[in-house]
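These notes are about the structure you will find just below.
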Amino acid sequence: MVNTQNLSRQRPGSACEECRRRKVRCDRRRPQCQVCFETGIECKISTTRLPRGPRKGQLRTLRTRIAALERCLADQRPGITHQMAALFDSPEIECDSEEDPFRDLAALPEPGPEIFSDDQQTGGRSPQSPEAQSRPSGLVSDLMRADLDQLYFDRVHPFAPILQRWRYHIWTKQPKKSEAQVCLQYAMWTVAASLSAHFQSLRDTLYQETRRTLDAMDLKSPTGGILSIEQAQAWVLVSIYEYMQLSPQQAWMSAGRCCRLVLGMRLYEIDDPNSPLTMARDHEPSLIDWTGLEEQRRTFWMAYSLDRFISFHNALPYILNEQLIATRLPAPEEDFQAGHPTITRFLPEVMTRGVSNDHCSGLSSFSECIILATICGRALSHRQKAAVEQINGDVVDEFWTRHQWLHEMITFRIQVLSASAQVDPMLIFARIVAQTLVLFLHNVLESITWRTGEHVLGMLEYERLCVMAAHEIVNLVKLQGQLGYFKELLECLQDLDRVKNPSQSPGLSV
């Protein structure tokens, strides 16, 4: 007996071209189906089928046109008829699909909020120029914004903890945002999109819009524009994106602009005890916006860390002067997100030689990365001074004093980090950086030409430590890869020419 459930609902064969065009069911009769027979046309069948669905880019083009039309209608601009005609002036869009090509238009991006800027003369808020209003604010729909925000806090925030989550969600719900706030959102979405296969197609457009807005705000600053924390945070994220996706050189340039901005905002002296602002906070602690203050601290320290790490990668001078910093280290992440005020130490307190484990306990993982960034900066200066000392023929003992201090500090930090029971991706990253510095210092030793017998014996011990460090880096990179964080950052770190060259660093030749 024939199983009727396995029979096709239609007669075998392909539908004719006329039935496909009309999107009706073809009875597949031969030599002529019923539809072609009734209309008196030739019944043609094509065995070559085009891919189903709209062509690549067609839906995006439709979304862009419709979103632009909606903005025109919402703004009620003059000459809208001509703008509508221009939007549809391109060639007709064809679709060779049996399915409805407009099935996805229900999820069209809605127009973004109108962007306002501070009016310095009136003290109010005024709309920006038509050029600014024509920005692709409808590029990201409300649903996409929610997804990108979630991606940001899941994948970006763990290595760039500069935003307090609930504070961010509060100001994002405001109907009108400042230009700096919108720019920060685009920067957040840029980095988030770069770490997601689903949103990869958006990352370049988001990055270009972020850079365009940042450049525009930089041009306004000399004419009375107000520097905002969101602007500095956007530069931090742009530097990270460029470091991961473009080039360390481009990231170094952007990190420099970010550092100049935090210097202009005087974020390096937030907790200066002699500052009038600090004294006022001590007098009226109940009036302190602790969360906002901590965001400023974290933004400064993130700029500081990028300044050190990216300069270290490029072997170029850094900008921020460690000796001028009077800002406390970041609070633990749990206290920051919960809004609990916490008093932390200053950087010199934890950089002092001979500190105890008790003195360094309780530091956040972010603070540990800042300490390693500081050692990176000192190690880079050590190498640069060594090159000058060889030229000038300075005393060897000065070099070895610096070198021994750096090695002792790195060894101590490795011990502190290894004793931590947390499986924190930022702590693991700090451990990788610490072991990389062991390799770097060995490379500095190999670069010197004035060696005594005593120093050569000391170098043999450093070479043994270098080999151990290389093995530890391999293990930590594997562990970090399992956690899924810092993949791109680790690839950049592994690309350090002064570390990866086996002829210069025996530790990586094993």
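The values are calculated or read from the model by the stated rules, or taken from the named source; none is laboratory data. Predicted model, so just to flag it, every value in this text is computed and none were measured. Ideal geometry is used to build each Cβ from the backbone, glycine not excepted, and the neighbour counts take in all protein chains shown.
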**Message:** Checking Ser239 against (1) modelled with pLDDT of 95 or more; (2) farther than 18 Å from Leu316 by Cα; (3) among the polar types (S, T, N, Q), only one condition comes out false. Which one?
**Reply:** (2)
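If I filter segment 139-153 for residues that are among the hydroxyl-bearing types (Ser, Thr, Tyr) and crowded, with 20+ Cβ neighbours inside 10 Å, do I get at least one hit?
Initially, segment 139-153 is screened for residues among the hydroxyl-bearing types (Ser, Thr, Tyr), giving 141, 152.
Now restrict to residues that are crowded, with 20+ Cβ neighbours inside 10 Å: 152.
Yes, the conditions are met somewhere in segment 139-153.
Having 1 or more residues that are in contact with a Phe, Trp or Tyr (Cβ under 8 Å, 6 or more places away or on another chain) and outside the structural domain of Val191 (by TED's automatic domain parsing) is the bar; report the helices (runs of 4 or more DSSP H) wholly within segment 226-292 that clear it. Let's see the steps before the verdict.
Details: elements: 229-241, 248-264, 276-283.
Passing ranges: none, list empty.
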**Message:** One residue is enough: does segment 148-156 have a residue meeting the conditions over 21 Å from Trp290 (Cα atoms), at pLDDT 90 or above, part of a helix (DSSP H, G or I) and more than 13 Å from the chain's Cα centre (by Cα)?
**Reply:** yes
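Quick grid of which residues meet (1) aromatic (Phe, Trp, Tyr); (2) at pLDDT below 95:
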{"residue": "Gln181", "(1), (2)": "no, yes"}
{"residue": "Trp189", "(1), (2)": "yes, no"}
{"residue": "Phe199", "(1), (2)": "yes, yes"}
{"residue": "Thr205", "(1), (2)": "no, yes"}
{"residue": "Ser228", "(1), (2)": "no, yes"}
